[in-house]
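The values are calculated or read from the model by the stated rules, or taken from the named source; none is laboratory data. In this text, all values refer to a predicted model and were calculated from it rather than measured experimentally. Glycine gets a Cβ as well: all are built from the backbone with ideal geometry, and neighbour counts include every protein chain shown.
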Amino acid sequence: KEVERLVSWCSHNNLVLNTQSTMVDSCHFLGTTITQDLKWAPTIISIIKKAQQRIYFLWQLKKFILPVHSMRQFYTAIFESIFLTSLTVWYAGASTRNKKKLQCVVHPAEK
């Protein structure tokens, strides 16, 4: 009954409603890729790529012998913001392999 009302409303407002069922493999929402089977590898791969791109800037700052406080601020602003994005959503479901990949990126950045 509700679907019929929706179709009627769309028709009345000159809108076409796609009534064919379509499957979506994944959805990107607030920086998190949600796959149909709830695998978090695409999200983790994206986070790793972003972090690796920013490590270069951290190393460049290290060359200028900045105070430790400034380096920590940069780390917090640039790295932690990447890693903590929707962490509570995907971390528990991440595979051990993907968690190790994340550690390989986090460890050098923390030094």
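Numerical summary
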| quantity | calculated |
| --- | --- |
| So Ser81, is it of a type in the set (Gly, Ala, Ser), under 15 Å from the mean Cα position of the chain (by Cα) and not in a strand (DSSP E or B) | yes |
| Segment 50-96, subset of a type in the set (Phe, Trp, Tyr) and exposed (fewer than 14 other Cβ atoms within 10 Å of the Cβ), residue farthest from Thr35 (Cα to Cα) | Phe64 |
| Residues that are surrounded by 13 or more Cβ atoms within 10 Å (Cβ to Cβ) and modelled with pLDDT of 85 or more, drawn from segment 100-111 | Lys101, Leu102 |
| Residue list for segment 55-73, filter: under 14 Å from Val106 (Cα atoms) and without any contact (Cβ under 8 Å) to a residue 24 or more places away in the chain | Tyr56, Trp59, Arg72 |
| Ala51 vs. criteria touching a residue at least 12 places away in the same chain (Cβ under 8 Å), not in a helix (DSSP H, G or I) and not β-branched (Val, Ile, Thr) | no |
| Criterion (among the hydroxyl-bearing types (Ser, Thr, Tyr), farther than 16 Å from Thr88 by Cα and touching a strand residue (DSSP E or B) at 6+ places or on another chain (Cβ under 8 Å)) met by exactly one of Ser26, Ser11 | Ser26 |
